[in-house]
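Engineer: My questions will all concern the structure given below.
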Amino acid sequence: MASYFDLKGTTIDSFKIGKAGPTLNRSGSSIIKLNGTEQLATENTLHPGYRANSWYNDTILFDAYSAVTTTTAINTISYFLFQIPRTVNIVRFAFNQGTTATGGFRIGIYSNNYSTALPDILLASSTEINATGTGEKGFDTNISLTPGWYWKAINGNVAPSLSCENAYPAYNYYLSNSTFSTSIVQYGLRNNLTYANSTLPTNAPVDGLSNITFGVPIMFFKTAT
């Protein structure tokens, strides 16, 4: 008879039953092969760690920065997945704007709903960011993100030219298509949302999603001191 053991609420990831018995792992733990040896895929194996008071970008899936305006659209909210492999305290999120524009936009971070695989609850948000000028465009915050998946979001009355990845393979491994296709590529999701210059909605609008088929804006974040 099979047995189930849940290590939730404990501080251990696994334990062995008897000298030659099986090893029980924390419920939900992943097993990976490292140098031919099975190991628990804890946060320690997925990232070397975040240095204090330092800037990082949010993905390894890019080969160069290209200024692109088509990854966002006016009066919509554009969502893009990113992963946090280790717990990190973040004090600033930012994008790089390549060319000046007239208007404003907001950026934010949403949690991921693992039941629907869609953006869910707002965790952090900017107020209006002026699109005039170039360079770093972001907002200060004070948030601790634990290992998992999140969505960066952009909403504006202008489509800013942001540094993006547009040549690397698309995110179809993570984002689904409604039909079988070898030609449809997925980089993110988009929903209608009339721009207002306060903050983003608490609950992510997902009532009319469409695919984003060209480019992912690269987000940067700064760790706490």
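Engineer: Which FRET efficiency, nearest 0.05, do residue 196 and residue 91 yield, Cβ-Cβ r, R0 22 Å?
Structural biologist: Once the sixth-power term is evaluated, E becomes 0.30.
Engineer: Using Cβ contacts closer than 10 Å as the measure, can you line up 106, 86 from fewest to most?
Structural biologist: Sorted ascending by nearby Cβ count, the order is 86, 106.
Engineer: Counting only other residues whose beta carbon sits under 12 Å from that of residue 128, what net charge do I get with K and R as +1, D and E as -1?
Structural biologist: Summing Lys and Arg as +1 and Asp and Glu as -1 gives +2.
Engineer: Provide the FRET efficiency to the nearest 0.05 for the residue 113-residue 54 pair, computing r from the beta carbons and using R0 = 30 Å.
Structural biologist: 0.50
Engineer: Give the residue from 200, 89, 108 lying farthest towards the positive end of the charge dipole for the stretch 55-223; charges sit on Cβ (+1 for Lys and Arg, -1 for Asp and Glu) and the dipole is referred to the Cα centre.
Structural biologist: Selected residue: 89.
Engineer: Given R₀ = 35 Å, FRET efficiency for residue 184-residue 140 by Cβ-Cβ distance, to 0.05?
Structural biologist: That gives a FRET efficiency of 0.40.
Coordinate-derived values only; no laboratory data. Keep in mind the model is a prediction, meaning the values are calculated, not measured. Cβ sites come from the backbone with ideal geometry, for glycine too, and all protein chains shown count toward neighbours.
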